[in-house]
Amino acid sequence: MSTTPRSSPLALTVLALLHYKPLHPYGVQRLLKEWGKDQVVNVGQRAGLYRTMDRLLAAGLIAVRETGRDAQYPERTVYEVTDAGSETAHRWLDEMLSTRKQEFPEFPAALSLLMMLTPDALRDALGRRAEALEAALARYDADLAREAESGLPRIATLELGYVRAMTAAELSWVRDVLADCAAGRLAWSPEELLAHAGDDV
């Protein structure tokens, strides 16, 4: 057995779904979308899913349950989680829930480089982001309402509630920045920035 691969949201989700029942990779991807896990786990590229499953297989965290073929599909390999995979999934889940990690999303990185833009360009970009956030909030609210009506236990929708809360907080922050721009409280010029740069430029 090779070294246990590094934890990742996708690897953990694969182990969790295979804990639910044995699946082939296409079944994993379909279940991810049916259960709405694609809102929080990147499964846009099937190749990434296959690579993740190959790493889990090489590490002995999943195993081949069976290989089958039928008239509609090419040969399909069905995987199941191993005891080691189940133990690893529980450990990863505990670590992800309890430990705050330094992550590097794109938005804060872009905010750190705003001096490249003019105030007008910033207002335009953040205005479009605010519109996208408003649309996302509407979708999350509709999804949460639909899941509440279906009687789904809240434990099954906590991740969507979290994403909705984070989106609402971000929208509030973006609106505050836009208000500061509109009121002239957030303005700058290349000359002003150079003056603060001192001898480093």
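The values are calculated or read from the model by the stated rules, or taken from the named source; none is laboratory data. Just so you know, these numbers come straight off a predicted model, no measurement behind them. Cβ coordinates were reconstructed from backbone atoms using ideal geometry, including for glycine residues, and neighbour counts include every protein chain displayed. Note: accessible area is taken over every heavy atom of the protein model, side chains too, but ligands, DNA and RNA are not part of it. Shrake-Rupley method; radii C 1.70, N 1.55, O 1.52, S 1.80 Å.
Please enumerate the residues belonging to the range 114-161 that are at pLDDT below 90 and touching an Asp or Glu at 6+ places or on another chain (Cβ under 8 Å). Selection gives 156, 157. Could we say that residue 118 is surrounded by 10 or more Cβ atoms within 10 Å (Cβ to Cβ) and over 18 Å from the mean Cα position of the chain (by Cα) here? Yes. Among the residues making up the range 164-182, those that are at pLDDT 95 or above, of a type in the set (A, V, I, L, M, F, W, C) and open to solvent by less than 70 Å² (accessible area, probe 1.4 Å) are 165, 168, 169, 171, 174, 177, 178, 179.
Here is a yes/no grid of residues against (1) without any contact (Cβ under 8 Å) to a residue 12 or more places away in the chain; (2) touching a Ser or Thr at 6+ places or on another chain (Cβ under 8 Å); (3) of a type in the set (Asp, Glu):
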{"site": "62", "(1), (2), (3)": "no, yes, no"}
{"site": "86", "(1), (2), (3)": "no, no, no"}
{"site": "111", "(1), (2), (3)": "yes, no, no"}
{"site": "132", "(1), (2), (3)": "yes, no, no"}
{"site": "136", "(1), (2), (3)": "no, yes, no"}
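Could you figure out which of (1) open to solvent by less than 40 Å² (accessible area, probe 1.4 Å); (2) modelled with pLDDT of 90 or more; (3) of a type outside the set (A, V, I, L, M, F, W, C) isn't true of residue 22? Only one criterion is unmet by residue 22, namely (1). Residue 110 meets the conditions (1) at pLDDT below 95; (2) surrounded by fewer than 16 Cβ atoms within 10 Å (Cβ to Cβ); (3) hydrophobic (A, V, I, L, M, F, W, C); (4) within 30 Å of residue 38 (Cα to Cα) in every case but one. The failed one is (1).
In the range 65-95, how many are loosely packed, with under 11 Cβ neighbours inside 10 Å and either modelled with pLDDT under 95 or of a type in the set (Val, Ile, Thr) (or both)?
8
Reported count of residues in the range 120-150, each being under 20 Å from residue 172 (Cβ atoms) and of a type in the set (Ser, Thr, Tyr), is 1. Residues in the range 10-24 that are out of contact with any Asp or Glu (no Cβ under 7 Å at 6 or more places or on another chain) and either touching a residue at least 40 places away in the same chain (Cβ under 8 Å) or farther than 22 Å from residue 82 by Cα (or both): 10, 11, 12, 14, 15, 16, 19, 23, 24.
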